[in-house]
1. How far apart, in nm, are two points set 7 Å out from the Cα along the Cα-to-Cβ line at D177 and at R28?
2. Suppose each label sits 7 Å from its Cα in the direction of the beta carbon; what would the R80-V110 distance come out to in nanometres?
3. Which whole DSSP H helices in the chain pass both tests: a Cα extent of 20 Å or more along the axis and a mean Kyte-Doolittle value no lower than 1.0?
4. How big is the C-alpha Rg of the chain next to the rule-of-thumb value 2.2 N^0.38 Å, as a ratio?
5. Determine which residues of the range 184-227 fall in the zone a paramagnetic label at E55 would reach in this model, i.e. backbone nitrogen under 15 Å from the point 7 Å along Cα→Cβ.
6. Relative contact order of the chain, please, whole-number percent, based on alpha carbon pairs below 8 angstrom and at least 6 residues apart.
7. Per residue of the chain, what 222 nm ellipticity follows from adding -39500 (n - 2.57) for every DSSP H run with n ≥ 4, rounded to the nearest 500?
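What follows draws every value from the coordinates through simple rules; no lab data is involved. Owing to the predicted nature of the structure, the values given are computational and were not obtained by experimental measurement. A quick note on method: Cβ atoms are made from the backbone with ideal geometry, for glycine too, and the neighbour counts reach across all protein chains shown.
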Amino acid sequence: MPTELTADTSDEDPEQVVLMPMVLRIERAEPPRRSALLEAAAAAALAVCLDERAEPGGEWHESVHHWTSGRIRKVSRRARGAHWAAVQELPGRTVEVDGAEVRAFLPSRVADMPKELTRLQISGSELDADEPGPPAESAPALWLNPDVAMSAGKSAAQVGHATMFLAALLHGEGRADEVARWSAAGLPCSVRVADGATWRRLLPGDDAETAWRRNGVAAVRDAGFTEIDPGTVTVLAQWPDPSGTR
């Protein structure tokens, strides 16, 4: 989407904005590893969309379909202790990766958010960078822009967009069986900060279709509501190549 369109929110009433809340579990005494938390966030966001309750006729379908038909906005909050336990009662999916936990919730209007979510902090989700090693060859790689600083909360929303883009592109090409296998495996992915050379090699530029067909890469371009400039590419999502030729 062109930068001028991602930045145009003139038609929005803030209270009527529909978004997906995500809650990151960040305990004070034992905070999670940053990369594991982001991998859990990426899986949790897509898990809500692929849940059987989100299918036509399911109890979540209307909410998810209405949200995915517009701007797929997300907001990340942090919780610990009793507040984390309380949000488990709200409709959504929790994913755990190496001890890191994230719950993504059914999308809703800002005005309708339950108090269990609105009372949670949006800020303060920063975590130190870690060294997770090379990405798994058998799972999607979500490459974070090495030149853009983002909080863990912001990054969680961006990688959640990335997995949704991958699933949508695969469905659009008639590769729903690949999405189904990925879902059955728990939606694993590898979140890594790209080095400069990798980022430049994979960045689609103006030819997104060729980038997808040649490298299996989809770009997440941010609307610029928080932290960064509109139109910034935040994540490059790369589907694994079973032939190993990419």
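1. The two pseudo-label positions are separated by 5.3 nm.
2. Result: 2.8 nm between the two label points.
3. On the way: long enough: 34-50 (24 Å, 1.62); 152-172 (30 Å, 0.70).
What comes out of the filter, once short or polar helices are dropped, is 34-50.
4. Numbers: Rg = 17.1 Å, N = 246, 2.2 N^0.38 = 17.8 Å.
Its radius of gyration relative to the 2.2 N^0.38 Å reference: 0.96.
5. 184
6. Values: 442 pairs, mean separation 64.8, N = 246.
Worked out over the chain, it gives 26 percent.
7. Working: 9 runs with 85 residues, N = 246.
The helix contribution divided over the chain gives -10000 deg cm²/dmol.
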